Every structure is written in C-alpha cells, then in structure tokens.
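Peer 1: Below you'll find the structure I mean.
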Amino acid sequence: MAMYDFTIMPDRHGHDSIAVDLQENDFWVLPQGETKTGFDKIPLWIADMNFPTAPCVTEAIVKRAVHPIYGYFVPSDEYFDAITRWQKESFDITDIARQNIGYENGVLGGITSALQVLNPAHEPVLVHSPTYTGFTTQLERNGYPVALSQLCPDENGILRMDYDDMERQIKEKRIHTALLCSPHNPSGRVWQRWELEQAMELFRQYDVNVISDEIWSDLTLFGTCHIPTQSVSEDAKQRTIAFYAPSKTFNLAGLVGSYHIVYNQKLADQLRIYESKCHYNDMNVLSMHALIGAYSSDGRVWMEELKKVLESNINLVYSFFQNEAQGVSLRKSEGTYVVVPNFENWCKVHGRTFDELLRSGVEVGVLWRDGRQFHIPYGIRLALGLPTQKLEEVLHRLKQYVL
Ligand SMILES: Cc1ncc(COP(=O)(O)O)c(C=O)c1O
C-alpha cells in the first residue's frame, strides 16, 4: 500500500514559483501567450514538480530551522555519509571517499567551474543534441564553442549516440572536453552500460575529459537503471567530473544543494582551488539538512512511490498521443519526468503553424515548452511531475481545445 499521497497539487501562486508566476528573467524563456480567464495555469514547462517534497525533507529542514541560530558551519559527517550511502544503495558505488565529494552551488554552476578547469583555452565542447537549454546557455555565456552531435534513432526508434559523428568532430575540431547528460534531458534516455562504455572508450582514445551531469540519475523508470559514467572503467573514473543533486528527485531546486564526485585528485584540487577563488560556492545550512533528509530510508520509499506515479503519467501521455492525436509522434522516456511529443506531421495535416499550436495550449492553461530551445523543431517538452488527475485535465483540454 502506498504511504505517500501524490494526488495533491498545492497552489503555488505567490509562493516563489516561476512555474506559475511567470516572471521575466535572463535565464528562462517563458511560455508565450495569454491564458484565457476560466482556465487555471498548469505548469508543465519547467523541470520542477508540482508535488510537495517528501515529508522527511520538510521535517529535516524544520528540525534545523527551529534551532534559531544559523551561523557559520562546515558540512557535517552526516552530510557526507548520506551521500556515500545513497550512492551505494542506488548505484552500488562503494568507493567514494569524503574527499571525492564537493558541494556545488547548483549543477550548472558546477559544470561552469568544471569547464574553466578542464578547458581554460575555450576549445569547442562536445554536447549531444537535443540539448538541455542550461548547457547551451552556460556554454554560450562563457564563450565556449558548442559542437553538437545529434542523437540518432536506431532500427527500433531508440535514440543513440552517433559514435562516428562524435569521433569525426573530436578529430576535426580538436575537442578535449565533452559534456554528457546521463540520464538525458530532454530525450529521457537512460544510457545502457555499453553505450557509456563506447563513449568513454572514444574519449580515452582522444584524451577528452568528461563532465557528466547525472542530476536525473535517481529518476530511472520502467526497469532501467542508472550507470554512473565514472563506474564504466578506471580510465573513465579518472577523466570524469560528475555532478549530482537531490533537487530533481525531491523537488528542491529552490534550495540549491548539488555536489560533485571527482576521483582524480589533481582534477579535484584544481576544481576546489578554482571554486574557492570567488568564495561563492558555500553551502546553505538548510539545504544541507534537506539533502540529509532526502537521502534517507524514508526518502527512498517516497522516491520509489514517486517513480510509479511518473511511470503512470508517461504511459498516459504516450497512449494519449498514440490514440487520440493523429500526426503526433512520441518516444517513451525511460527516465526523467520529461517527454517531447513531436507535432511536425500534425501541423502539416492540420495546416497550423507551430507557433499557433504553442499559443493555443497556453491559452487554455497548458504551460508547455517550445522544443526549439532544445534543438527539437516541432517538439514540445512536457514535464510530468504533477498528479495524474491534473494531467488528465491537461489531456482533456488538449483534446477539446487544441488538437
Ligand atoms: C540536465 C540538467 N542539468 C542541470 C539542471 C539544473 O541544475 P541546477 O538547478 O542544480 O543548476 C537541470 C534542470 O533542469 C537539468 O535538467
């Protein structure tokens, strides 16, 4: 029997949420269009969830918050123990020592520091396409040329890395840094061991260092499992800077509390020295306690129940687009909570432009995300971290007013 309630969707208006209170800012491109009166805004565009976090997280924060002194501190043993235990129980990784773990003020912040450390000459960086927008933005802002390598469907329609293209670009563009997303946002692929092995073998051959963003590693679905990039070989372990966080899994993005795992002592030292220079990369005491609460046995039970709900939501959307919306194609995500249906044929068949389609969704409160931001023309990304009943309402509105 389920212990936790994933049918509740608290009203987020006025509670510090860009998802529904769409404030202009210089990072996110907001959904375009006006929602008509009579329709509430259902946020599916940004990668956070509409579920309350696990009770054990709130309890850990509140327990710390009631002690009314928030002075200087250093991360506790409990914090490091929580991470090593979580990594062991989740991915069977048993060799992480305390010195391999370092706090990061957001995964994107960590990636940006890692880029500076690994690639001070600003050589091109290999990234797969479709691409998480945060990668593109940070690479562009920091003056890194982006070498996009397209993921390609195999004979079963599964998106795979194109190793020949990766090799060609590595050689031609003299690439020495790759940015991997594992599991992959927005395709929802959970890379299999052989896929990572093959990529890491290529990187070994051409001496390419790897930044591995594993922020989605907990949210593997439908029997898939996450393989940490560093675990595929001793060489991979030494050439990879990996990033993790409890933020996607437990809906904690607003608390900020990510971390890196680096085994290579030289890289770890370089990263630490680089990050210490600005003095901005220090943990917040409440996010430390949030992580400890999340990475607990209660947190794991909550997460397993969440994953069942996400699977149902993905199944629901998949069968909706298969059966009720002719011309829309969708690959089923294996992990994350994002899906990207493609409306190219639908637009052609219905004589509608893609921009009209996007706006017509927003008009009825379906706040979805233009896939062009991820290099997917005619794709629309939907983040499915919401109660199934509310998702049914979304699909009902799409059927009745949009498609
Ligand atoms: C792949 C990936 N990396 C990083 C982030 C953002 O991480 P953070 O908020 O810790 O910077 C996201 C958020 O959607 C993401 O999907």
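Peer 1: Running a GNM on the chain with Cα contacts under 10 Å, which residue among SER187, SER231, SER76 ends up with the highest mean-square fluctuation?
Peer 2: SER76
Peer 1: OK, next. Work out the charge dipole of the chain with +1 on the Cβ of Lys and Arg and -1 on the Cβ of Asp and Glu about the Cα centre, then indicate which of PHE73, TYR263, VAL339 is farthest towards its positive end.
Peer 2: Farthest towards the positive pole: VAL339.
Peer 1: Take peptides 283-292, 198-207 and line them up by average Cβ neighbours within 10 Å, highest first, as a rough protection proxy. Let's see the in-between values first.
Peer 2: On the way: 283-292: 21.7, 198-207: 17.3.
Going by the mean number of other Cβ atoms within 10 Å, highest first, we get 283-292, 198-207.
Peer 1: Please give the length that would be gained between TYR318 and TYR280 if that part of the chain were fully extended, namely 0.36 nm times their separation in residues minus their C-alpha to C-alpha distance (nm, one decimal).
Peer 2: Working: separation 38, 0.36 × 38 = 13.68 nm, distance 4.26 nm.
Working it through step by step, the gained length comes to 9.4 nm.
Peer 1: Suppose the chain between GLU201 and PHE222 were pulled fully straight at 0.36 nm per residue; how much longer would it get relative to their current alpha carbon spacing?
Peer 2: Details: separation 21, 0.36 × 21 = 7.56 nm, distance 2.77 nm.
Fully extending the segment from GLU201 to PHE222 adds 4.8 nm.
Peer 1: Modelling each spin label as a point 7 Å along the Cα-to-Cβ direction, I'd like the TYR401/ALA2 distance in nm, to one decimal.
Peer 2: Spacing of the two 7 Å Cα→Cβ label points: 2.6 nm.
Peer 1: Okay, next question. For the chain, give me the percentage of DSSP beta bridges that are antiparallel, rounded to the nearest 5 percent.
Peer 2: Details: 16 of 35 bridges.
The antiparallel proportion sits near 45 percent.
Peer 1: If the cut-off is a Cα-Cα distance under 14 Å, which aspartates and glutamates reach LYS332, setting aside same-chain residues fewer than 8 apart in sequence?
Peer 2: Candidates past the 8-residue exclusion: GLU311.
Peer 1: Kindly put ASP16, ASP298 in sequence by how many other C-beta atoms sit within 10 Å of each C-beta, fewest to most.
Peer 2: Working: ASP16 7, ASP298 17.
Taking fewest neighbouring Cβ atoms as first place, the list is ASP16, ASP298.
Peer 1: If each DSSP helix of 4+ residues adds -39,500 (n - 2.57) and the sum is divided by the residues in the chain, what number results at 222 nm, nearest 500 deg cm²/dmol? All intermediate terms of the calculation are to be shown ahead of the outcome.
Peer 2: Values: 14 runs with 159 residues, N = 403.
After summing the helix terms and dividing by the residues of the chain, the value is -12000 deg cm²/dmol.
Peer 1: Which of the peptides 212-222, 342-352, 247-257 is most tightly packed, and how do the rest follow, going by the mean number of other Cβ atoms within 10 Å of each residue?
Peer 2: Details: 212-222: 23.6, 342-352: 15.4, 247-257: 21.6.
The peptides rank, most packed first, as 212-222, 247-257, 342-352.
Peer 1: Sticking with this structure for a sec: Which lysines, if any, have their Cα less than 18 Å from the Cα of LYS248, not counting same-chain residues under 8 positions apart?
Peer 2: LYS307, LYS308
Peer 1: May I pose another question? HN-Hα J couplings of region 228-237 from phi, Karplus 6.51/-1.76/1.60, θ = phi - 60°, integer Hz, Gly and Pro as x?
Peer 2: x, 3, 5, 8, 7, 6, 5, 5, 4, 4
Peer 1: Can I ask one more? What's the exposure ranking of ILE175, ILE96, going from fewest to most Cβ atoms within 10 Å?
Peer 2: Values: ILE175 24, ILE96 19.
Arranged by neighbour count, lowest to highest, ILE175, ILE96 become ILE96, ILE175.
Peer 1: Next up: Take the alpha carbon gyration tensor of region 136-236, find the square roots of its eigenvalues, order them as a ≥ b ≥ c, and report rounded if a/c is under 1.5; if not, report prolate when a/b exceeds b/c, else oblate.
Peer 2: Working: a/c = 1.43, a/b = 1.35, b/c = 1.06.
Since a/c stays below 1.5, the shape of region 136-236 is classed as rounded.
Peer 1: Order 25-38, 79-92, 381-394 from most to least packed using the mean count of other Cβ atoms within 10 Å.
Peer 2: Values: 25-38: 12.2, 79-92: 17.4, 381-394: 19.9.
So the order, starting with the most tightly packed, is 381-394, 79-92, 25-38.
Peer 1: Points 7 angstrom from Cα along the Cβ direction at ARG141 and THR388: gap in nanometres?
Peer 2: Going by the 7 Å Cα→Cβ label model, 3.9 nm.
Peer 1: Between region 178-227 and region 241-306, what is the separation of their alpha carbon centroids in Å?
Peer 2: Taking the Cα centre of each part, region 178-227 and region 241-306 sit 19 Å apart.
Read-outs throughout are calculated quantities, based only on the coordinates presented, and are distinct from any laboratory measurement. As the structure is a computational prediction, the values presented were derived from the model and not from experiment. We place every Cβ from the backbone using ideal geometry, glycine too, and count neighbours over all the protein chains shown.
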